[in-house]
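Step one of this worksheet: look at the structure below.
The numbers here are math on the coordinates, done by the rules we state, and not lab data. As the structure is a prediction and not an experimental result, all values here were calculated from the model. Cβ placement follows ideal geometry from the backbone for every residue including glycine, while neighbour counts extend to all protein chains displayed.
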Amino acid sequence: MPAQTLIKIENVSKTYTTSKEDIVALQTVNLEIKEAEFVSLVGPSGCGKSTLLMLISGLYPATTGVITIKGEPVTKPYTNLGIVFQRDMLLDWRNVLDNVLLQIEIRRLNRADYEPHARELLERVGLGNFTDRYPRELSGGMRQRVSICRALLHEPPLLLMDEPFGALDAITRDQMNLDLERIWEQSRKTVIFVTHSVPEAIFLSDRILVMSPRPGRIVANIEINLPRPRTLDIRDLPEFSDYNRQIRKIFREQGILIDELGKDKEGLGQSPSSEVDY
């Protein structure tokens with residue numbers, strides 16, 4: 001059966017009022033996201049990618065338009081989701097297991113009911129032997145794995161990820177991409193993933209939404225037809241390079257990338273699978 005629509009965004013705009021001027025962050029966004037779909041948002045800094053996540057979560061109100069999740073309008077913070085930010089937001093005085101279980105306490109649920117699942121998630125991401133360690137004893141990648149486990153603990157159908165690997169080194173980031181791809185394959189949650197890395201978006205996604213400079217609009221909707229499960233070797237496929245080239249072309253058309261020579265800079269030593277932030 002075809003996947004059902006989980007999120008529907010209709011004519012949504014967001015304007016921030018400041019002491020100096022009004023800033024239009026998003027303008028007339030229309031979008032549908034299916035259940036179990038992995039969707040990435042790419043675009044220049046300040047184009048409203050993170051704002052769109054906050055609107056979907058209900059943490060920010062839209063200025064115009066309507067967002068619905070499972071047919072219900074989002075008018076307040078939506079709790080049946082998980083959020084992972086670029087900063088892991090771990091509490092230094094709590095060990096790994098207690099950090100994962102933090103949201104259970106906040107939700108006033110029974111810790112004993114969720115502790116086995118917390119341990120299972122940590123085992124799944126290779127941290128089964130680190131439950132009693134503290135954040136200061138972990139690497140950046142390990143800390144971010146903890147934050148992902150925390151977001152998944154209550155089995156939400158929707159996971160919002162705002163540049164979760166942006167602060168990691170390239171090798172650790174590659175491993176986190178593999179870990180996330182495996183977790184998604186196992187859980188098939190709906191994921192909306194914000195990144196500045198085009199190769200990362202191609203590797204992880206079913207679909208990539210390319211956004212314009214502010215005010216942010218969706219200017220391209222690109223289906224990624226690459227086989228799953230994926231390994232890093234998929235970056236060597238010609239199809240991967242084609243997607244990378246297609247998105248760079250859109251960036252040039254939007255004025256995000258400007259070649260002073262008026263020519264494509266491919267072939268000047270940059271591999272299509274290299275990590276490039278836009």
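Structure notes:
- Sorted on the mean count of surrounding Cβ atoms within 10 Å across their residues, most packed first, peptides 185-195, 108-118 read 185-195, 108-118.
- Normalised by the number of residues in segment 115-169, the average gap of Cα pairs under 8 Å and 6 or more apart makes the relative contact order 36 percent.
- Computed from backbone phi with θ = phi - 60° and the Karplus coefficients 6.51, -1.76 and 1.60, the 3J(HN,Hα) list for segment 206-219 is 8, 8, 10, 9, 9, 10, 7, x, 4, x, x, 9, 8, 9 Hz; x is used for glycine and proline.
- Relative contact order of segment 119-242, defined on C-alpha pairs under 8 angstrom at six or more residues apart (%): 19 percent
- Rel. contact order, % - alpha carbon contacts under 8 angstrom, at least six apart, the chain: 23 percent
- For segment 178-250 versus segment 127-141, the gap between their alpha-carbon centres in whole angstrom: 29 Å
- Over the chain: helical MRE at 222 nm, DSSP H runs n ≥ 4 each giving -39500 (n - 2.57), nearest 500: -9500 deg cm²/dmol
- Treating r as the C-beta distance of Leu178 and Arg107 and R0 as 51 Å, the FRET efficiency rounds to 0.95.
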